[in-house]
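Take a look at the structure set out below.
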Amino acid sequence: MNLKKANKKLIISYLSALSLSFISPSVFGQIFSTAQNPLSVKWNYILSGGFKIIYPRELEKEAQRMANTLPYIYPKIGLGLRQQKTSIPLLLQNRGTVANGFVQLAPKKSEFYATPPQFFDSQDWLNNLAVHELRHIAQFDKLTETQAHPFPELVYFAYFGGAIPTWFFEGDAVVNETALTYSGRGRQPNWIMPYRASLLEGKKISYSKAYFGSNKDVTPGYYQTGYLMVANMKEKYGQFISDSLLGDIRKRPLRPYPFSNSLKKYTGTNTRKYFLSVQDQVAEKWKLQEGKSTTESYTSLNKKTALATNYFLPVRLNEKQILALKESKTDARYFVIINEDQSEKKLFGIGYQEQPWFSLKNGVLVWDEIRYDPRYKQRSYSVICSYNFQTKKFKKLSSKSRLFSPSLSNDGKKIIAASVGLDNLFNLVELDASTGQILKTYPNTENEIIQTPSFDQTGKRITYISVNEKGKNLWLRDGEQKTVLIQNSRQQLSRPVFIGDKIAFNAHFNGIDNIYAIDPASKKISALSASKYGAFNPTESSDGKMVFNDYKINGYEIAEKQIEEKPVGENAFVDFAAAAEKQEQVGNVFENIPDSSYQSKPYHTALNLFSIHSIIPVIDNEYVFGLQLESNNLLNTMDFYTGAKYHRDLKRFEYTADISYKALYPVLSILYRNRPKRTFYRAKNAIQQGDWREHYIKLNASLPLSFNARNENYAFTLNAATSFTQRYQPENMPTNFITRLKFPMEYNFTFNHSVRTTERDIAPKWAQVFRISYNHQPFDANLKGEILALESFLYFPGLAKNHSVLASFNYQQATGVNQYATEIATVYGYNNIQAKSKLQNSLLLNYRFPFAFPDWELGPLAYVRNFRAGLFCHYENIGKGTTFNDPKTYGVELNTSVNLLRYQPVVDLGARLVFVNQIYNQNPILEFSFNYSF
């Protein structure tokens, strides 16, 4: 691993960077996937009204449903953009347990992840995805003028990301999903709650901060920002304002700030001013809602912080201690005990969860977390973990499972959980809490989506939420008998628990998420809380009290109150999408879906390896540039690139072709170059120039494996490569010019361990990276030589939170033709310092720390997120006359993360002042860096 690579963020090309900024994840927010499914997955496809639905065979029933649904609803979804037909492949994925959906170009496709989350909208999950993602398809169609294959797709994709802010794409889709159904995120108070809290607390946010986020404060995010802005546009300028904006951008693409200019054309206001105007308007509407709402204030039991911090799912351990899941901008999620004096004791960190979840009963703690397949990242599992407070022991109660929201019985001996099969069949399952063995599966004949079950005090009755297209239902199950307590509700019902003889749950009957209780006998509903912004996750504590989450400006805090039943109250919710709903006049777009039977055929992966989608410009440096043809197939199993580049200094062309096959356990790739080369050599006391061309072929096999367990991540990569070079057309070359380089061998092994990081971390708090590489020439007697390199990167916590110490020791031994090669990390400034000896080892010591988080909006030029600094002291060839008092280089560095010109990629700007050991007679070296990432 090169130190430059180790210490920089992911660097990608300009086109790829911009293209990635236009994504449409519905839940998880992930950039579109490049992962693979295991070879065991068998695929079918259905052709229906412009959609080619590709799916694992277990999802036949869901695929048939989507084949009926998608062509039927697309004209209604595309109406506001004047789009009535489309042509696109759509993949249904079922091996993962992380909910998501997206649309992309390069290649053009959409993917729906069929496994639903435990908290989402009050409608069917795949319908939920369809109504959102099909709007993105309509946006694509509008911008590409309905071309089925808008070649070159990657250029289109890059332009979309650069020309149009992501908040507009997502806001337009959220308004659409809300206006065309009886559900939608626009109808969920908790979805917009953080922004509402900020504005009602008098904390307005700049446009850039709302769009790009903050390393210190809670911000609305671009989904919520976009929803409010697009809803406002539709209310003021009509149903077709999005169509007008995208149409104008398509007609006049080559302008600075094309979206802002088009917005000004139709509204008279640029983007930033429009946002500030909308912010003032929604603040006024929320103030009116506040005046209509009867609320209570609750004392926080956790310590105060000015930093965005959440204490999820509080539960009493005893009269003086509370257990919760804590996370913040400086801390990854972990269990914490809060004492009576608000002091805290950290217990242990846990792995990724789609939503915070745990259950504590009788000294036993259980929770679910996501575990990924070591190789095929499209496959993941939701496993149940436990911790015993008495024995201090951890257990993984399930392996390769798809179990969610585990809840314990009062005696801590049984677990009730939701289960999802690969065929999207949903069940309620009961497990043994000590072994994880499934004791019972409760029937779910309607196959409704099951969420967040829990036991009563006796362990005999169960309550849970189910979801179907008609809404959410609250159930009570007693043995084989089950009773629906709330049916087909559009309320965001969640997390029911037994408190006394009632069932407490979350809903938003009064327009604000609060805690309610229902009497199972009479089905009477009463309010248990009246939070100003939102109350969640109740747990019965003691003496007729409950402990719960009370949302405040910096996040979810902990409160406790006496259990008192009050009237539900009037609904004062502000529906910002009401105007859009009237314009569409659809009601629920999923009513009257046809029920036809479509022919399904096998999808042969071997016959679908190529999907050529783009030709793009490539620029290697100021001397080498050209064009490249790209192919990436729909299942991410094969990539192919070919092209030509012109070497301006050599006045000759290079021809390239790369192919990578990723379906097998090892990743196999082959690279071909036909390229011009030039060298300079000494002959007859003069420097001579020589030129030639060469065929260069390289074969590579790599095995990338990674594991995660709780908050620990492990990765192993084994790589082997060889190549063959045939040189020809020599010009002015010496007589001993070697024309063949026969199969040099390269091997490397990398091990990586790290703990979960947070937004403010410079590097993981604890991490270790070790790399061994070996190159030699076993098949070429004319080119003897080898190089062995050993590298290590050890990260430690610094003096304060989010500070990082890096200690890196590296060693190489090189002989023969490799004697001057560099395979290990070098000191800063290495390329600008004349070497006095061959590189044999290096010791690199770095201390880095963040020191400011200004959230500066510098007009349209930049949004400054943070400033970071570092000190370094680097040694070279230790044991060869160098001592620890005599480093080769040392100095300081300064970095900042910014968003330039209101584009979404995070740009890392840096400067480094390198002082050089006096024996090199070198002036200080000033280095600059410019990288960007997502």
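The values are calculated or read from the model by the stated rules, or taken from the named source; none is laboratory data. Quick caveat, the model's predicted, so the values are computed rather than measured. Neighbour counts run over all protein chains shown; Cβ positions are idealised from the backbone, glycine included.
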Among residues belonging to the range 52-70 that are touching a Phe, Trp or Tyr at 6+ places or on another chain (Cβ under 8 Å), within 17 Å of ASP423 (Cβ to Cβ) and touching a residue at least 60 places away in the same chain (Cβ under 8 Å), point out the one that is surrounded by the fewest Cβ atoms within 10 Å (Cβ to Cβ). GLN64
Could you list, ordered by first residue, the pairs with Cβ atoms under 9 Å in which the first is in the range 375-401 and at pLDDT 95 or above and the second is of a type in the set (Phe, Trp, Tyr) and assigned to a loop (DSSP other than H, G, I, E, B), at least 6 apart or interchain? ARG375/TYR665; TYR376/TYR665
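With the condition kept exactly as written, say whether any residue in the range 728-744 is aliphatic (A, V, I, L, M), assigned to a loop (DSSP other than H, G, I, E, B) and either buried (at least 17 other Cβ atoms within 10 Å of the Cβ) or modelled with pLDDT under 95 (or both). Step through it out loud before you land on a result.
If we filter the range 728-744 for residues that are aliphatic (A, V, I, L, M), which is where we start, we get 733, 738, 741.
Okay, now just the ones that are also assigned to a loop (DSSP other than H, G, I, E, B), so 733, 738.
Cutting the leftovers down to either buried (at least 17 other Cβ atoms within 10 Å of the Cβ) or modelled with pLDDT under 95 (or both) gives us 733, 738.
Scanning the range 728-744, I find at least one residue that is aliphatic (A, V, I, L, M), assigned to a loop (DSSP other than H, G, I, E, B) and either buried (at least 17 other Cβ atoms within 10 Å of the Cβ) or modelled with pLDDT under 95 (or both), so the answer is yes.
Kindly evaluate LEU200 against the criterion of being under 22 Å from SER122 (Cα atoms), of a type in the set (A, V, I, L, M) and more than 23 Å from the chain's Cα centre (by Cα). If you could, list the steps in order and put the result at the bottom.
Numbers: under 22 Å from SER122 (Cα atoms): no; of a type in the set (A, V, I, L, M): yes; more than 23 Å from the chain's Cα centre (by Cα): yes.
Criteria not met by LEU200.
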Every residue in the range 393-442 that is closer than 21 Å to GLY363 by Cβ and of a type in the set (Phe, Trp, Tyr), please. PHE394
Could you please give the count of residues in the range 390-413 that are part of a loop (DSSP other than H, G, I, E, B) and not aliphatic (A, V, I, L, M)? 12
Counting only residues that are acidic (Asp, Glu) and either under 30 Å from THR330 (Cα atoms) or touching a His at 6+ places or on another chain (Cβ under 8 Å) (or both), the range 551-581 contains a total of 2
From (1) crowded, with 19+ Cβ neighbours inside 10 Å; (2) touching an Asp or Glu at 6+ places or on another chain (Cβ under 9 Å), pick out the condition that doesn't hold for ALA911. (1)
Of all the strands (runs of 3 or more DSSP E) wholly in the range 414-532, which have at least 1 residues that are of a type in the set (Ser, Thr, Tyr)? 414-420, 438-442, 449-455, 461-468, 481-489, 494-499, 514-518, 525-527
Please find, within the range 753-775, the residue that is nearest to ASN895 (Cα to Cα) out of those that are outside any loop (DSSP other than H, G, I, E, B) and free of Cβ contacts under 8 Å to residues at least 40 places away in the same chain. ALA767
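Identify all residues within the range 898-919 that are within 27 Å of PHE275 (Cα to Cα) and either among the acidic types (Asp, Glu) or touching a residue at least 40 places away in the same chain (Cβ under 8 Å) (or both); write none if there are none.
Here is the first cut: in the range 898-919, the residues within 27 Å of PHE275 (Cα to Cα) are 898-908.
Matches in the range 898-919: ASN899, LEU901, ARG902, TYR903, GLN904, PRO905, VAL906, ASP908.
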Pair list, Cβ under 7 Å, 6 or more apart: the range 337-358 residue without any contact (Cβ under 8 Å) to a residue 12 or more places away in the chain, other residue surrounded by 18 or more Cβ atoms within 10 Å (Cβ to Cβ) and in a strand (DSSP E or B): LYS345/VAL336
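Please determine, by comparing only the residues of the range 122-158 that are among the charged types (D, E, K, R) and within 24 Å of the chain's Cα centre (by Cα), which one is surrounded by the fewest Cβ atoms within 10 Å (Cβ to Cβ). Lay out the reasoning, then the answer.
Taking the range 122-158 first, the residues among the charged types (D, E, K, R) are 124, 133, 135, 141-142, 145, 153.
Of the ones still in play, those that are also within 24 Å of the chain's Cα centre (by Cα) are 124, 133, 135, 153.
Numbers: ASP124: 20, GLU133: 25, ARG135: 28, GLU153: 26.
Looking at the filtered set, the residue picked out is ASP124.
To keep it simple, each residue is scored yes or no on (1) without any contact (Cβ under 8 Å) to a residue 60 or more places away in the chain; (2) in the same structural domain as LEU79 (by TED's automatic domain parsing); (3) in contact with a Phe, Trp or Tyr (Cβ under 8 Å, 6 or more places away or on another chain); (4) hydrophobic (A, V, I, L, M, F, W, C).
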site	(1), (2), (3), (4)
ASP550	no, no, yes, no
TYR556	no, no, yes, no
GLU560	no, no, yes, no
GLU564	yes, no, no, no
GLN583	no, yes, no, no
LEU607	yes, no, no, yes
HIS613	no, no, yes, no
Over the range 920-934, the set of residues surrounded by fewer than 16 Cβ atoms within 10 Å (Cβ to Cβ), within 18 Å of TYR863 (Cα to Cα), among the aromatic types (Phe, Trp, Tyr) and in contact (Cβ under 8 Å) with a residue 24 or more places away in the chain is PHE934
Taking THR679 as meeting all but one of (1) at pLDDT below 95; (2) under 27 Å from the mean Cα position of the chain (by Cα), write down the number of the exception. (2)
For the range 910-925, name all the residues that are at pLDDT 95 or above, farther than 12 Å from TYR890 by Cβ and of a type in the set (A, V, I, L, M, F, W, C). ALA911
Across the range 279-314, which residue is farthest from PRO567 (Cα to Cα) among those that are of a type in the set (Asp, Glu) and more than 32 Å from the chain's Cα centre (by Cα)? GLU284
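Answer yes or no as to whether GLU111 is acidic (Asp, Glu), within 30 Å of SER40 (Cβ to Cβ) and in a helix (DSSP H, G or I). Lay out the reasoning, then the answer.
Working: acidic (Asp, Glu): yes; within 30 Å of SER40 (Cβ to Cβ): yes; in a helix (DSSP H, G or I): no.
When the stated conditions are applied, GLU111 does not pass them.
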Would you confirm whether or not the range 361-372 contains a residue that is in contact with an Asp or Glu (Cβ under 8 Å, 6 or more places away or on another chain), assigned to a loop (DSSP other than H, G, I, E, B), surrounded by fewer than 19 Cβ atoms within 10 Å (Cβ to Cβ) and at pLDDT 95 or above? yes
Tabulated pairs, the range 207-222, first under 20 Å from GLY186 (Cβ atoms), second of a type in the set (D, E, K, R), C-beta under 7 angstrom, 6+ apart or interchain: THR219/LYS209; TYR222/GLU170
Outside the structural domain of TYR182 (by TED's automatic domain parsing), at positive phi and surrounded by fewer than 19 Cβ atoms within 10 Å (Cβ to Cβ), is that true of GLY511? yes
Please work out which residue is nearest to the chain's Cα centre (by Cα), limiting yourself to the range 203-222 and to residues that are surrounded by fewer than 21 Cβ atoms within 10 Å (Cβ to Cβ) and in a helix (DSSP H, G or I). GLY221
Restrict the check to the range 280-303 and report whether at least one residue is farther than 30 Å from ASN549 by Cβ and part of a helix (DSSP H, G or I). no
Tally time: how many residues in the range 746-797 are surrounded by fewer than 19 Cβ atoms within 10 Å (Cβ to Cβ), of a type in the set (Gly, Ala, Ser) and more than 26 Å from TYR820 (Cα to Cα)? 2
For the range 117-131, name all the residues that are under 19 Å from ILE53 (Cα atoms) and either in contact with a helix residue (DSSP H, G or I) (Cβ under 6 Å, 6 or more places away or on another chain) or not polar (S, T, N, Q) (or both). ASP124, TRP125, LEU126, LEU129, ALA130, VAL131
Only one of (1) assigned to a loop (DSSP other than H, G, I, E, B); (2) in contact with a strand residue (DSSP E or B) (Cβ under 7 Å, 6 or more places away or on another chain) is not met by ASP550, so which one is it? (1)
